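The numbers here are math on the coordinates, done by the rules we state, and not lab data. For clarity, every value in this text was computed on a predicted model and none was experimentally measured. Note that each Cβ is placed from the backbone with ideal geometry, even for glycine, and that neighbours are counted across all protein chains shown.
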Amino acid sequence: MPRALTAAGGIDALTHSLEALASFMASDFTTPLAMEAARLLFEFLPRAYDKGAADIEARQAVHNAATMAGMAFANAFLGLCHSMAHKLGARYHLPHGVANALIIEKVMAYNAHPAPTKMAAFAQYRYPMAGAAYARLARYLGLAGGSDEELLQSLNAAVAALKARMGIPASIQAAGVDEKVFLADLDALALDAFDDQCTGANPHYPLIAEIKELYLRAYYNN
C-alpha cells in the first residue's frame, strides 16, 4: 500500500491504543493490549513505512498491533481525540488517521489534568487516571522522566517524532485547512465533536468551549 496510507493507518492504530488506555472503561484486559500495541507500533511502524512489502516482519507486527489496539478499544472504547477527528476529517476531507494525528497530543495533555471533570454516567470510578496511564505506557516504552508529567511530555514528544518521521503535518494549518474557513467552522466543529459517541468515555469530560480551545491549539500547534 502507499506509504501515506501506512502512516495514516499506523497512527490511527496508535491513537486507538492511547485512547483505550486512558478511557473510563479501560480494564485489566484492555490495558495490556493497548500498551503492547503501542510498543509494536513505535518499533515497527517506521520500518513498515520505509520498506513496505519488502519488510514482512515489520508489516506483520504493524498488522498485529492494529488488531490488538482494535481489541482494546472495542472493549474500552475511545475518547475525545476520535470525536474531534471524526468531524475534522469529514469536513475537510482529511484521512482519518491524519485527523487523529493532528489532535492526539493536545487531547492527551488535556486528559492528564490532575482533577478533571467527570461524566456522571461513570460515577462508579473514584477519579480519572489518564495521567498515570500515560506515564505507565511511557515507562513501558523506556522513555525518560521522573514524574508522571515528565513522562507524558516524553510520550507526546515520541508521538510527535513518529509523525514527523512519516511526513504527517504537525498542525491542522499545515495539513492545508484554510484559516478563515476553519475559524468560521469552529463553533460547529466543537458542538458536533461534543455530541460524538466517543466523547462519553473520555477521562476528562469536556465543555464545548474546551473542545474549541483544543481545536485551536491543534490548528496552530501551540
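Among A190, A54, A74, the largest mean-square fluctuation in a Gaussian network model of the chain (Cα springs under 10 Å) belongs to A54. Inter-label distance, A164 to R47: 2.4 nm, where each label sits 7 Å from its Cα along the C-beta direction. Taking a ≥ b ≥ c as the square roots of the Cα gyration tensor eigenvalues, the stretch 13-101 comes out oblate, since a/c reaches at least 1.5 and a/b does not exceed b/c. Screening the chain for whole DSSP H helices of 20 Å or more along their axis (Cα) with average Kyte-Doolittle hydropathy at least -0.5 returns 3-22, 30-51, 56-76, 148-165, 179-195.
Can you match Cα extents along the principal axes in Å to one of these, (1) 46, 42, 31; (2) 51, 41, 33; (3) 90, 39, 25, based on a calculation from the structure here? Correct label is (1). Think of the stretch 3-220 as having a plus end and a minus end, set by charges on the Cβ of Lys, Arg, Asp and Glu; of M108, A184, G200, M108 sits farthest toward the positive end of this dipole.
Counting 0.36 nm for each residue step from V181 to A209 and taking away their Cα separation leaves a gain of 8.2 nm.
Neighbour counting of Cβ atoms within 10 Å sorts the residues D50, D148, fewest neighbours leading, into D50, D148.
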